[in-house]
Amino acid sequence: MNVFPLQQRNITSSRIVYGTTGLGGSNNHDPLTDADLLKAERAVDAALEAGITMFDHADIYSGGKAEAVFGSVLGKRPGLRESIVIQSKCGTRFADEHSPQRYDFSREHILRAVDGSLKRLGTDYLDILLLHRPDPLFQAQEVAEAFQTLKQAGKVRHFGVSNMNAGQIKLLQAQLPDPLVANQLEMSLLDSSW
């Protein structure tokens, strides 16, 4: 049997990751509903029954509601947090009154985004934090400082990236004391350009 990299690092035994982007209802500011919670509970149950114990989040999925509804499920199930792996992503910012949509790997944004994810998920730590899409203007040392702060505070155990090329990974890795554990690539039948 082949062992994939996260298994080699004893992070997870789950060979499939459940992507939570569809949880929490629409990508808007509407409050979560009982139907949203029921859907999340059923999704988590189905994943666990299929042997999936790793769940992939991002602070932007359903405007943060995917993490919030997942946190509600965790809150109803004492002990579940210790038996699963939670990965989340940060760094994508939507357009607002100050700026257009952009990527933000500033130390302040990474720290603020992780605190928001932890609050919505109702947990003290993330197993893995990924930088969501490459920020072409990122400063590797600033990212490394954010990662170090999060690790020392016990808020994140492992770090990785999403959709970065080899040069971007090498630049960032040169500033980090620990290895990046993942590069999550977007792929589907419609998107195979990776």
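Residue count for segment 119-149 satisfying the condition of being surrounded by fewer than 20 Cβ atoms within 10 Å (Cβ to Cβ) and assigned to a helix (DSSP H, G or I): 8. Every listed requirement among (1) in contact (Cβ under 8 Å) with a residue 60 or more places away in the chain; (2) over 14 Å from the mean Cα position of the chain (by Cα); (3) in a loop (DSSP other than H, G, I, E, B) is met by Ala58 save one, (2).
It is to be established whether one or more residues within segment 102-113 are aromatic (Phe, Trp, Tyr), under 30 Å from Ala43 (Cα atoms) and open to solvent by 40 Å² or more (accessible area, probe 1.4 Å). Yes, segment 102-113 has at least one match. Scanning segment 71-114 for residues that are out of contact with any Phe, Trp or Tyr (no Cβ under 8 Å at 6 or more places or on another chain) and in a strand (DSSP E or B) yields Ser88, Lys89, Cys90, Arg102. Screening Gly116 on (1) modelled with pLDDT of 95 or more; (2) in contact with a strand residue (DSSP E or B) (Cβ under 7 Å, 6 or more places away or on another chain) shows it passes everything except condition (2). Within segment 6-25, the set of residues being open to solvent by less than 70 Å² (accessible area, probe 1.4 Å) and not hydrophobic (A, V, I, L, M, F, W, C) comprises Gln7, Thr12, Ser14, Tyr18, Gly19, Thr20, Gly22, Gly24, Gly25.
The values are calculated or read from the model by the stated rules, or taken from the named source; none is laboratory data. On a predicted model such as this, the values are computed, not experimentally measured, just so you know. A quick note on method: Cβ atoms are made from the backbone with ideal geometry, for glycine too, and the neighbour counts reach across all protein chains shown. To get the accessible areas, we keep the full protein, side chains included, count just its heavy atoms, and leave off ligands, DNA and RNA. Shrake-Rupley method; radii C 1.70, N 1.55, O 1.52, S 1.80 Å.
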